[in-house]
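Data first, discussion second: the structure below is written as structure tokens.
The values are calculated or read from the model by the stated rules, or taken from the named source; none is laboratory data. Predicted model only: the values in this text are computed from it and were never measured. Cβ atoms come from the backbone with ideal geometry, glycine included; neighbour counts cover every protein chain shown.
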Amino acid sequence: MEVYMEETGYETFAFYYDSLTKNINYDERAEYFDRLIQTFLHSSGNVLLDLACGTGTMSEKMTKRGYDVIGVDYSDSMLNQALEKKLEKGLSIQYVMQDMRELELYGTVDATICTLDSLNHLPSLADVTRVFQRVFDATEPGGVFLFDMNTLYKHRKILGNEIYLYETEDVYCVWENELQDDQCTVLITLQIFSQLENGLYRRKTEYITERAYASEQIQEALKKVGFHVLGIYHADTLEPLKEDSQRMVVAARKEA
């Protein structure tokens, strides 16, 4: 296979993101987060912030469940994909390009979701705490903040130094992990091969860093900015976090 090699930022991954994440059941995830919102929400509105919305799939699912959705993401490439889908489907989602650490909305929201380990991409606990503060400031009293994160267990035992291969009709992706000495951070190298019209393949390299934290650290950071932590759950359940949980879901509320 002949290839052209090219290093990029995040734009190639954004273009193929939906194709590479077809294994995610967004309908089930939207139903789960909707159920948490309906259980814990104490404010009377239905404005929902989809933080780090990516290509907008969860924003679309939550819009169809009756929420007035604002999608925020730092990547213009991701948002371009989201906007194309929004126009194609005629949805009323408002998309905004912002770094979540600098989140600033014109009004408040009743619920915020941040899914698919987006908070793990931040470089430090201080950055995560800063996001918590920004969300707290943007939340209506009685509003809720729901998010998921990869756990330390997943970084150490599942991602580790493993290599994964993904192949679709559109793209071939080699996903290589490198667990760092701190046993919390994983450096991810993506080798993305896309076929050109002349039969050759273009190879683009993109880099992602994810950092995991203990649930106690996340709980303390939320309390520090004023959130009341309602629960930390195993994956998409209401069960307590387990030693081998790969993902934790956190529910917090800004008390009235």
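Residue-wise test of (1) modelled with pLDDT under 95; (2) in the same structural domain as residue 99 (by TED's automatic domain parsing); (3) at positive phi.
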residue: 143; (1), (2), (3): no, yes, no
residue: 159; (1), (2), (3): yes, no, no
residue: 172; (1), (2), (3): yes, no, no
residue: 176; (1), (2), (3): no, no, no
residue: 191; (1), (2), (3): yes, no, no
residue: 195; (1), (2), (3): yes, no, no
residue: 201; (1), (2), (3): yes, no, no
residue: 227; (1), (2), (3): no, yes, no
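Does residue 50 qualify as being at pLDDT 95 or above and touching a helix residue (DSSP H, G or I) at 6+ places or on another chain (Cβ under 7 Å)? It is true that residue 50 is at pLDDT 95 or above and touching a helix residue (DSSP H, G or I) at 6+ places or on another chain (Cβ under 7 Å).
Yes/no matrix, rows are residues, columns are (1) crowded, with 19+ Cβ neighbours inside 10 Å; (2) touching a residue at least 60 places away in the same chain (Cβ under 8 Å); (3) outside the structural domain of residue 99 (by TED's automatic domain parsing); (4) on the phi < 0 side of the Ramachandran plot:
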site	(1), (2), (3), (4)
26	no, no, no, yes
30	yes, no, no, yes
37	yes, yes, no, yes
40	yes, yes, no, yes
43	yes, yes, no, yes
52	yes, yes, no, no
55	yes, no, no, yes
72	yes, no, no, yes
79	yes, no, no, yes
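Would you point out the residue of the stretch 97-131, among those that are acidic (Asp, Glu) and free of Cβ contacts under 8 Å to residues at least 40 places away in the same chain, that is nearest to residue 74 (Cα to Cα)?
Applying the first criterion (acidic (Asp, Glu)) to the stretch 97-131 yields 99, 102, 104, 110, 117, 127.
Then drop every residue that is not free of Cβ contacts under 8 Å to residues at least 40 places away in the same chain, which leaves 99, 102, 104, 127.
Numbers: 99: 5, 102: 10, 104: 13, 127: 14 Å.
That would be 99.
Of all the strands (runs of 3 or more DSSP E) wholly in the stretch 36-102, which have at least 2 residues that are under 16 Å from residue 144 (Cβ atoms)? Walk me through it before giving the result.
Numbers: elements: 47-51, 68-73, 94-97.
Counting at least 2 such residues, we get 47-51, 68-73.
Restricting attention to the stretch 103-137, the residues being over 28 Å from residue 186 (Cβ atoms) and assigned to a loop (DSSP other than H, G, I, E, B) number 5. Does residue 62 satisfy the criteria of being under 17 Å from residue 138 (Cβ atoms), modelled with pLDDT of 95 or more and under 16 Å from the mean Cα position of the chain (by Cα)? Criteria met by residue 62.
Candidates in the stretch 94-142 are the residues that are within 20 Å of residue 210 (Cβ to Cβ) and hydroxyl-bearing (Ser, Thr, Tyr); of these, the one that is surrounded by the most Cβ atoms within 10 Å (Cβ to Cβ) is 115.
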